[in-house]
Ligand SMILES: [Zn+2]
């Protein structure tokens with residue numbers, strides 16, 4: 001359920017007269033009129049502003065989708081990848097909601113060294129026989145070049161990214177799909193899965209909601225589906241019960257508000273990784289805590305974007321990971337928070353940008 005929230009800025013109201021300033025107590029104070037959604041401050045500080053044109057180390061992007069609609073767009077994407085330093089990109093694709101896997105492989109074939117194919121589980125028939133067929137389909141896609149499974153997604157009502165037929169409503173710990181998860185492990189295909197949404201989306205849409213502007217758009221109504229902790233539990237059940245399959249929790253498992261809890265899961269389950277895709281804003285407003293987490297779990301974090309094909313998109317992420325800049329805004333990410341860079345050490349950056357993905361995708365095989 002979405003609510004339209006008119007949240008007025010709570011900051012004290014000041015206005016400036018011809019000379020000097022004084023507290024504004026008039027009823028026409030702009031602070032009583034500006035809506036939070038319209039708040040678009042301009043930084044006035046004289047502080048470093050770093051433009052990171054190209055990543056410091058080669059990148060393997062582990063989280064993107066089938067954004068390009070024709071060959072020209074795919075080629076243009078590779079040019080941007082060259083410009084910003086991306087070696088190759090995981091294009092995650094679910095045939096069941098887009099074009100068939102075969103077509104997508106063919107579409108990207110002229111640039112196949114620059115893209116890696118991912119596929120989804122086939123949930124069209126959840127009978128024992130149907131799941132057996134889905135295992136065979138997975139094997140066939142693997143032979144055609146699929147190196148991973150994903151992006152699967154469960155925001156409470158079961159897998160919504162690969163949802164057809166009987167599979168609608170399947171959670172990742174459902175015993176019926178265990179053969180598929182085991183098959184992925186056997187084929188050395190990591191499973192990338194989006195679980196839940198950022199924590200703010202579950203909280204009341206009122207003046208106390210820290211992520212309000214974004215949470216209004218993405219608010220989750222849990223009336224008829226699993227809530228945040230229940231979803232995290234389904235994920236934990238799956239990684240615990242399938243130790244031979246690697247799981248990549250997309251978007252930091254949507255747990256960037258609680259690094260100790262996320263760290264405890266990584267400590268407990270060596271088959272678990274996280275990607276940083278589309279969670280720059282959610283982590284760059286707490287730069288010191290995030291930096292500490294990324295350094296501590298530097299072998300378990302994967303680079304991902306999940307946000308289109310523009311150079312500026314990559315460069316915003318590089319600025320956050322590489323620079324020591326403070327207090328800058330990236331309103332295109334949907335939040336009203338100011339962000340700060342992590343200034344990650346080179347050896348950590350290199351692992352997150354490249355080495356961890358390379359290890360999973362090659363040594364794991
Ligand atoms: Zn995604």
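All of the numbers you see were taken from the coordinates with simple rules; none came from a lab. The structure presented is a predicted model; accordingly, all values stated were derived computationally and were not measured. Quick reminder, even Gly has a Cβ in these numbers, built from the backbone with ideal geometry, and neighbours come from all protein chains shown.
If the chain linking residue 296 and residue 139 were pulled fully straight, counting 0.36 nm for each residue of separation and taking away their Cα-Cα distance, it would gain 52.9 nm. In the chain, the longest principal axis of the Cα atoms and the axis of helix 311-322 are about 80 degrees apart.
Taking other C-beta atoms within 10 Å as the exposure proxy, 352, 147 rank 147, 352 from fewest upward.
If you plug the beta carbon distance of residue 229 and residue 288 into 1/(1 + (r/R0)^6) with R0 = 22 Å, you get a FRET efficiency near 0.25. Only bridges whose two residues both fall in the chain count here: according to DSSP, what percent of them are antiparallel, nearest 5? In the chain, approximately 20 percent of DSSP beta bridges are antiparallel ones. Highest mobility in the GNM of the chain, judged by mean-square fluctuation with C-alpha springs under 10 Å and restricted to 274, 44, 91, is found for 44. With contacts taken as Cα pairs under 8 Å at a separation of at least 6 residues, the chain carries a relative contact order of 18 percent.
Each of 283, 340, 312 has some number of other Cβ atoms within 10 Å of its Cβ, and from fewest to most they run 312, 340, 283. Label zone of residue 69 (point 7 Å out along Cα→Cβ, amide N under 20 Å): in segment 293-324 this covers 306-311.
Largest GNM mean-square fluctuation across 304, 227, 148, computed for the chain with C-alpha springs under 10 Å, falls on 227.
Listed by Cβ neighbour count within 10 Å, with the fewest neighbours leading, 120, 225 appear as 225, 120. Once the convex hull of all Cα atoms in segment 188-347 is built, its volume per residue stands at 129 Å³. Take the Cα of residue 338, go 7 Å toward its beta carbon, and the backbone nitrogen atoms of segment 283-320 under 14 Å from that spot belong to 285-287.
Here the simple spin-label model places points 7 Å from the Cα toward Cβ, and for residue 157 and residue 54 these points are separated by 4.6 nm. Mean projection of the Cα convex hull over all viewing directions, computed for segment 44-363: 16.0 nm².
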